[in-house]
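Data block below; observations after.
Read the figures in this text as sums done on the coordinates, not as results from a lab. Only a predicted model underlies this, so the values are computations on that prediction, with no experimental measurement involved. A quick note on method: Cβ atoms are made from the backbone with ideal geometry, for glycine too, and the neighbour counts reach across all protein chains shown.
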Amino acid sequence: MNPALSRALITFSLILAQPIAAQGDGFPHDDETIGTVREIYDGALYPDEQVNTFRNIHRLFPTRRVPAGENPYPLPHAAQPLKAFSFESAGKSYDLYDVLSLNRVSGILIVKDGEVLFEKYLLGNHRDTRWMSMSVVKSITATLVGMAIHDGYIASIDDPLTDYLPAFKDTAYDGVTVRHLLQMASGVAWNETYTDPTSDRRSMLEAQISQEPGSILALMGSLERRHPPGAVQHYSTGETQVVGALVAAATGQPVADYLSEKVWRPFGMASDASWWLGSPEGLEIGGSGLSATLRDYARFGLFMLNGGMINGEPTLPAGWIADATSPGPNPMYGSEYGYMWWLLEMDAYAAIGIFGQFIYIHPESNLVVAMLGAQPKPEGKEGVDPYEFFKALTVKLAD
C-alpha cells in the first residue's frame, strides 16, 4: 500500500467521526458472558456462549446506533395461524419443529399478506432481543447504494468507483464501476474462507480488531486483480466494505445515519439497531455487524416486498429491485447473485448470513420470512436444508 493511499483512507475515516452508541445501554442481555470475535469465526464457542455472543455483538467493537422511528410498521397477527406441514429433504421427512431444533434457530417470523402467521423465539431470545446479521447486512448496504442514486448522490450505477473514492486510483479497483461492486464482479482477488486464519477474510477481521482508522480499506487497496472487471463474480466480504465507503463518501454522512434516515425511521422499525465500526467513530463494517431485532429484519423484508415505497413515495430508482434481483455474470456456490441478494428457486430472493441468518422474500405469494440462528460453524452445519424448508413453506402457503 502506497503512503498516499493510506493517508487518504485514514483521512476519509476521520471525516465520518460521529458519536458512537454507548455500551451497556440497557439492552436486556447486557450481563451475559460472551466470547471473542475470533472464536465466532473459528466456530469455537460452546452453544451457550455462542448464543450469548450472537445477541451481544455490540460489546465486541465500537458501534454506531441506527435510530428507529416513533411509529412502528404494524405486524398484526393473522386470524388463522400457520398450520402444521412436513416436507422431504435428502430422502428424509421434516417438520417445523425439526427445522427449529436441528438448525438451532433463535427466532423466526413468517409474514404473509402483511400478517404474521408464525412468530417464535428460542434459545433465550424474545421480541426485544437484537441478533447479529452477518452477511444479511450486505443486502442492506447494497440497497443504500440504490437510495444514494435515487437521491442524486451517485449519478449512475455505471460510474467508476474512483469518482467517489479517488484514493483507489492506481489500485486493483481502478476501472471498477459501482455495478461491478454490487455484483461482486470487480475481478479483485479474495479468499473468503472464514475459518482459515491466513485468508483475506481473516485479514480483514484482524484489521477490524486493530481498530486502526482506514486499515480495512487499506487492505482492500493492496489486493491484486485476478479478472477483468465485470467478467466473473467472486464472493468477497471485503467488497462490501468498499460499498459502505462509497455510500459514506457519496452521501457525506455515516452509513448508519443514512440507513436511519432512509429506512429505519420512515418505514417504521420499532427498535434502534447497532452497527460495528472499523475504528472508533469510523466507518461501518459494510458486510457484517448490524444487530437488530427479528421483527425489524422482517420489516426490512417487507420494505423490499413493497418495492422500496414508503408512504407512497419511492426511495429507489425505477426498476431497482428487479435489477438487484437479476443474476450477475455467473452463479456463485451454485446460486445466482444480484446486487448482494441471493436468487433462489421459485423466483424468491434472500439476504443470507453465516450461522443461519435469513431474510427470505417471495414476491409472488407476498411472503417474507425472517429467521435467525446459531449453527455451530459458519457454514455447512445446518441439520435441515433451509432452502428446502423455505421452498416447502412457500408451496404450503400457496395452497
Using the structure shown, select from Lys92/Lys396; Lys112/Lys262; Lys92/Lys381; Lys138/Lys391; Lys112/Lys391; Lys112/Lys396 the pairs with a Cα to Cα distance greater than 20 angstrom.
-> Lys112/Lys262; Lys138/Lys391
So, with +1 on the Cβ of K and R and -1 on the Cβ of D and E, and no other charges, what is the size of the charge dipole of the chain about its Cα centre, to the nearest 20 debye?
-> 140 debye
Given that just one value was derived from the coordinates, which of (i) 24.0, 105; (ii) 19.9, 63; (iii) 21.7, 82 is Rg and Dmax of the Cα atoms in Å?
-> (ii)
Candidates Leu283, Leu161, Leu219: whichever shows maximal mean-square fluctuation once the chain is modelled as a Gaussian network with Cα springs under 10 Å = Leu219
Set of aspartates and glutamates with alpha-carbon distance to Lys83 below 17 Å, sequence-local pairs under 8 removed | Asp95, Asp98, Asp113, Glu115, Glu119, Asp399
So for Val136, Val37, fewest C-beta neighbours within 10 Å to most, what's the order?
-> Val37, Val136
Pairwise centroid distance, computed over Cα atoms, of the stretch 266-302 with the stretch 348-399, Å | 20 Å
Of all C-alpha pairs within the stretch 184-240, those more than 15 angstrom apart amount in percent to 47 percent
Dipole check, the stretch 106-256, charges on Cβ (K,R +1; D,E -1), about Cα centroid: among Gly238, Pro254, His150 the Cα furthest to the positive pole belongs to Gly238
In Å, the Kirkwood hydrodynamic radius from C-alpha pairs for the stretch 263-399 sits at 16.3 Å
Positive-end residue of Leu102, Ala348, Ser222, charge dipole of the chain with Cβ unit charges | Leu102
Peptides 335-342, 379-386: what's the order by average Cβ count within 10 Å, highest mean first?
-> 335-342, 379-386
Of the peptides 83-90, 28-35, 115-122, 354-361, how do they stack up when ordered by the mean number of other Cβ atoms within 10 Å, highest first?
-> 354-361, 115-122, 28-35, 83-90
What nm distance separates the two modelled labels at Asn366 and Arg226, each placed 7 Å from Cα along Cα→Cβ?
-> 4.4 nm
Based on other C-beta atoms within 10 Å, arrange Phe168, Phe61 from fewest to most.
-> Phe61, Phe168
Count the net charge of all other residues whose Cβ sits under 15 Å from the Cβ of His150, scoring Lys and Arg as +1 and Asp and Glu as -1.
-> -4
Given the options Gly319, Gly307, Gly69, state which has the largest fluctuation in a GNM of the chain using a 10 Å cut-off (strictly under) for Cα springs.
-> Gly319
Using alpha-carbon positions, what is the distance between the centroids of the stretch 169-236 and the stretch 50-113, in Å?
-> 31 Å
